[in-house]
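Colleague: Before I ask anything, here is the structure I am working with.
The values are calculated or read from the model by the stated rules, or taken from the named source; none is laboratory data. On a predicted model such as this, the values are computed, not experimentally measured, just so you know. No Cβ is skipped: glycine too gets one built from the backbone with ideal geometry, and neighbour counts run over all protein chains shown.
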Amino acid sequence: MRSNFYESIVIYILKWLVLSFLLGFLGANLVLTLQLGIDSLRNLLDYTTFFTPLIGGALVGLIIYYFDDRSSGLGTNRYIEYAKRDRPISGAGKLLVTKFINSSITLGLMGVEGLVGPILLLGSSLASFIEQLAEKLQIELLTEENEYRVLNVCGAAATLGPLLGAPIGSGIFVSEVLYQSSLNYNDLFPAILSSSFGYFFYNLFYQTSSLDYNIYLPNLTPHNILLVIVVALIAGFVGQGIIWIYDGVDQWFDGLSINLIFKPLIAGIIVMLLIRIFNINEVINKVKIEQIIFTGLSAKVLISLLIFKILITVIVISSGGSVAMVDTAVVTGGLLGNLLHFVIPLPLNLLVVTGMSAILASVANVPLATIILISEIFGVNLSLAIVLGSIVGFLIGRAQTVYQYLEIE
């Protein structure tokens, strides 16, 4: 009995070690290729020019209508749905290609940022495609139904780890986001392994992680703890406000009695008009995250960035564009923290990471992943401000998340 147990454990370890290694290698290359595609489109057609968002919207509409409507939207919702089905993704290769193209066009031409959601679906589609390819070659990779879920999770982790430069936090995120109030250890450890391999290969090829910031966070005093909680409360409710705006815009697009092909085109027109009328190309996506963290920006710039960052992102997602909400939540949290620097006497870095943690946890309902992700990305030990921000944000947003948890038949 004991020998059978150890034999099964050895087989389990070897199998997921090999699969994680393979997925990490392919995931890192997928992230690099996608980033190259987005940058190439941005260099070819500057999104701040008048008609570029319109071109992007038209192309996205064609992809969704004629090729695969699964390539539209956040990506995270479909990742959650497919991972919890415990069976292969139908047409995984087709979904991988169309989601890749949709994401490249959306982020390259429509003036938005955010790869986390799309990369989750791309990674899980890649993993499912590999399994289907192996099956055609009569190679049995999976022996149990629940291993399809683990494979999808590992694929998502293998791409998210190198994207964020946070292998442990990314592994936790792809596992924690599947369930609203729990964490499955059968998913968690293979996910962290895949994420770590992806991070390793990305740094091997590119010599640097996508996000790599090191900041100093001062120790908190009892007085500062109360102020941090206040900041976390404000940010948590702002996170719920983002969900409310997203739901409203999404319902508006759903209610439009027009062909699916025209919805991204409408989003392109709206983005184009916003850029032209408000001249927002002077600030949006030109203020880098380093400035949000390290520099006290003017209130006018911060408010403009907050409003337009949220609006443009939810408009593009709701219309069918392939972009993420997680990135917007993190950046919005940083902007809010920077803005609160005018009224709350705390160090700027402390306000920024608290705002980021609280809004991300509020929007995505992933408190543990948020704590580890923010700590890894910014190169800090587990800060009490990050912990408080994540927990308070999660408690505020626990009843409502931006993601859909569908009943799987």
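Colleague: Across segment 231-250, what is the number of residues that are more than 19 Å from Leu351 (Cβ to Cβ) and either touching a Lys or Arg at 6+ places or on another chain (Cβ under 7 Å) or free of Cβ contacts under 8 Å to residues at least 40 places away in the same chain (or both)?
Modeller: Of the residues in segment 231-250, 3 are more than 19 Å from Leu351 (Cβ to Cβ) and either touching a Lys or Arg at 6+ places or on another chain (Cβ under 7 Å) or free of Cβ contacts under 8 Å to residues at least 40 places away in the same chain (or both).
Colleague: For segment 128-140, state whether one or more residues are in the same structural domain as Asp69 (by TED's automatic domain parsing) and within 20 Å of Ser362 (Cα to Cα).
Modeller: Looking for residues that are in the same structural domain as Asp69 (by TED's automatic domain parsing) and within 20 Å of Ser362 (Cα to Cα), one finds none in segment 128-140, hence no.
Colleague: Among Val97, Val31, which is the only one that is touching a residue at least 40 places away in the same chain (Cβ under 8 Å) and in a helix (DSSP H, G or I)?
Modeller: Val31
Colleague: Say whether the condition of being in contact with a Leu (Cβ under 8 Å, 6 or more places away or on another chain) and farther than 26 Å from Asn152 by Cβ is met by at least one residue in segment 91-99.
Modeller: Taking every residue of segment 91-99 in turn, none turns out to be in contact with a Leu (Cβ under 8 Å, 6 or more places away or on another chain) and farther than 26 Å from Asn152 by Cβ.
Colleague: Hey, another quick one. Taking segment 303-324 only, how many residues are closer than 20 Å to Ile266 by Cβ, crowded, with 24+ Cβ neighbours inside 10 Å and among the hydrophobic types (A, V, I, L, M, F, W, C)?
Modeller: 6
Colleague: Out of Val392, Val380, Val343, I need the residue that is modelled with pLDDT under 85 and of a type in the set (A, V, I, L, M, F, W, C). Which one?
Modeller: Exactly one of Val392, Val380, Val343 is modelled with pLDDT under 85 and of a type in the set (A, V, I, L, M, F, W, C), namely Val380.
Colleague: Only one of Asp39, Asp69 is of a type in the set (Asp, Glu), over 22 Å from Ala158 (Cβ atoms) and in the same structural domain as Phe201 (by TED's automatic domain parsing). Can you tell me which?
Modeller: Sole residue among the options that is of a type in the set (Asp, Glu), over 22 Å from Ala158 (Cβ atoms) and in the same structural domain as Phe201 (by TED's automatic domain parsing): Asp69.
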